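Structure, as structure tokens:
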Amino acid sequence: PISRIEMRPKFWSLLGQDTAEILGGSIIEIPIDEDCIIFEPFDLIQLRKTVVKKQSYINKSGQQHTRSRKVKRIVPRKQWSKEITKEEQENLHNIRGGLLWFNLVLSDYEITYTKTADPKIHRLYPRLYAVYTDNFQQGGRLYTGKGGHQGLSKKERSTIRYNGHKTVELDFNGLHIRMLYHIVGVDYPLDADPYGEVLKAIGKNPDKIFKQFPEIRGDLKTTLFSIINGKIKKKEKRHKQVIAQVRHRLFEEWKQKHSPGTRKKCRIECIQRLRRWEKAGLTIPEVIKGFYKAHKRISHTFYTGCGLRLQKIDAQIAFYILFNMMVSYEDNCIPTLSVHDSFITFDGYQNKLESTMKTIYQDVMQQVTNSEKSFKIPVKFSKKYH
């Protein structure tokens, strides 16, 4: 039977003891670990709507207050299937068929990785499904959830094997920023790092900072998402609100975690991230100004809420890349995993994957912009794969 219950740390600690079942007077030991748990999504197509949830709390002075927070809830298929257009229905049918095939191909391989915490080899059971936000014109990214690879660190992803064979990971360089430039009809230099330029704009040395604190590049990407995802109409409130949003996502996210174990782990990560920023001499207001200085040509897209539209486009790109790798390549099915804008496949097919990524990006962007312009984007190899 498939369990829909999330396993908490206490559950795993109990399984760490001698687990046994008494049958016919004899004791049979049952070896159970996390590799025995396979995640199956509720549906390969999911629609999640953002709702505002109000929660009452009592402050230190004993006064009762109410705070609001946004949560995403899954809309039942029976409900949204009656509301979609015929075109959306056909599109979702094709996506669902592709996901079924992707999962079938991946299930034919023993996919393993090595944990950072221990030298043991663990199994992966990726089951891809698409998640849309509020409507089917926003989001659509592919996820795997429990048992998949998307929760692994980059170091752990570098140890992924298909039937024991080595893999390679490739990703787009500055995907969302370059997409914004291409949408407004501007080419961004292929040899420029869009996140490094932000640091240069505020008088910092990106090479030195990224070498000492490589995680900061990911923090800058998170900052960009806050800037383009936030839909703030009043100009006088934009700067203040986006600073609060970035601070929450980078340094205060742990406050939203309910599980004690998860909350403690997230709090440690937030503290470490804050210390990295302090050592690098970075502040949130300064970095936000750096985005405006470095990317004036697309600054009009900031605070417009266009992030979900970009996610819809990068989801299309990811889907077609997987389709080309696992369906239509000389009748061979090359197993390929996606982490939104990066892809993992056999190291012998890295050239095929790289050319596929560049070709699909151009095809999708030509469709989005309704033009025949040549859209180029750099693809980089992960430096840590073996």
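Of note:
- In this simple spin-label approximation, residue 217 and residue 122 carry label points 7 Å from Cα along the Cα→Cβ vector, and these lie 2.5 nm apart.
- Between residue 107 and residue 358, the contour length at 0.36 nm per residue exceeds the Cα-Cα span by 87.7 nm.
- Residues listed by number, segment 248-286, amide nitrogen under 16 Å from residue 208 label point at 7 Å toward C-beta: 277-283
- Residues 346, 172, sorted by accessible area with the largest first, give 346, 172 [1.4 Å probe; ligands and nucleic acids excluded].
- Of the residues 58, 268, ranked by 1.4 Å probe accessible area with the largest first, the sequence reads 58, 268.
- Legend: residue pairs 312/376; 211/257; 115/166; 166/380; 289/358; 49/296, Cα-Cα distance threshold 24 Å; pairs beyond threshold, 211/257; 289/358; 49/296.
- Reciprocal mean inverse distance between Cα atoms of segment 150-246 - Kirkwood radius, Å: 16.2
- Extension gain (nm, one decimal) between residue 146 and residue 184, 0.36 nm per residue minus Cα-Cα: 9.9 nm
- Under 5 Å from the amide H of residue 148 lie the amide H atoms of 125, each residue being 5 or more positions distant or on a separate chain, with H modelled from the backbone and absent for Pro and chain starts.
- The smallest convex shape that holds all Cα atoms of segment 118-197, its convex hull, gives 163 Å³ per residue.
- The label-point distance for residue 165 and residue 58, in a model that sets each label 7 Å from Cα toward Cβ, rounds to 6.3 nm.
- Simple spin-label estimate for residue 225 and residue 275 gives 2.4 nm between the two label positions (7 Å along the Cα-to-Cβ direction from each Cα).
- Taking a ≥ b ≥ c as the square roots of the eigenvalues of the Cα gyration tensor, segment 75-214 is oblate, since a/c reaches 1.5 or more and a/b is not larger than b/c.
- For the pair residue 252 and residue 297, a Förster radius of 30 Å applied to the C-beta separation gives a FRET efficiency near 0.40, rounded to the nearest 0.05.
The values are calculated or read from the model by the stated rules, or taken from the named source; none is laboratory data. These numbers come from a predicted model, not from an experiment. Every residue, glycine as well, gets a Cβ built from its backbone with ideal geometry; the counts of neighbours run over all protein chains shown. Heavy atoms of the whole protein, side chains included, go into the accessibility calculation; ligands, DNA and RNA do not. Shrake-Rupley method; radii C 1.70, N 1.55, O 1.52, S 1.80 Å.
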